[in-house]
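In what follows, a single structure is set out as structure tokens and then discussed.
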Amino acid sequence: MAADETKQPSKQRVVEMVKASRNRKGAYQADYNCPACRAPLVSLDDTLLGTETCPNCNAAFVFGTAVQTEYRTHKAALERKEAEKQRVAEQRRLLAEEREIAAEAERQRLAEVERSIVRRKIAEKKAYDRERNVRISARRGSVRGVEIGVGIVNALALLGSIIWIVVGIAHLTSDNPFEAKAAEGVLAFGVASLVSLLLVWGLFRCLFAIHQLLTDISAKLDEASAKD
């Protein structure tokens, strides 16, 4: 019996080639063929030191030391490859994060530049509007002053013309022919001066209205050019 037991291991077949791989769960496994029927088999990493039985032909076999060494070498290569892949993926992730941070900083910088440009344009527009309003107010004020001055002078002239007319009418019925003749001249002069002053005042009012219209048109054109 002892001799038979010592000879039994020699009857066991030995796997000659094995490869390391990873299953869907991420665990390492050994891929090989049955040494008896050549059926493809898979064993877990921790079963390489024991005896396996082929589920196809029920043949028992073991893994030789050289095969186990080859498997460990292949597994170590796979681990290094996986570690390198993870390292590259981590570097790419970090690089992508750095690019995203840089892109976000650039977007914020451009947004700030755009906001500063908008603020500057708004400030320039306000300054231009203030300056334009001052110019328009100055022009209108000067024209208004001229209008008031001319109105006062015209009113005094009208008052004088009325006085001439009143004096002429008062002496028109005089018994003195010379005085009556002079009264007619005074009356004619008063009426003529009154009509002339009224015409001049009307002409001045027309010129003032035209100037006011041109000022408004100029202000609107300035505002349109400022918007462009």
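The values are calculated or read from the model by the stated rules, or taken from the named source; none is laboratory data. Everything quoted here is computed from the prediction, not taken from an experiment. Every residue, glycine as well, gets a Cβ built from its backbone with ideal geometry; the counts of neighbours run over all protein chains shown.
Here are the numbers:
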quantity: Criterion violated by residue 120 - all others in (1) free of Cβ contacts under 8 Å to residues at least 12 places away in the same chain; (2) under 27 Å from residue 26 (Cβ atoms); (3) among the basic types (Lys, Arg) satisfied; calculated: (2)
quantity: Strands (runs of 3 or more DSSP E) contained in segment 28-83 and holding at least 3 residues more than 13 Å from residue 13 (Cβ to Cβ); calculated: 28-33, 40-44
quantity: Residue tally, condition within 15 Å of residue 27 (Cα to Cα) and more than 56 Å from the chain's Cα centre (by Cα), over segment 69-83; calculated: 2
quantity: Condition met for residue 192 (under 30 Å from residue 126 (Cβ atoms) and either at pLDDT below 75 or among the aliphatic types (A, V, I, L, M) (or both)); calculated: no
quantity: Any hit, segment 28-50, residues being under 14 Å from residue 16 (Cβ atoms) and small (Gly, Ala, Ser); calculated: yes
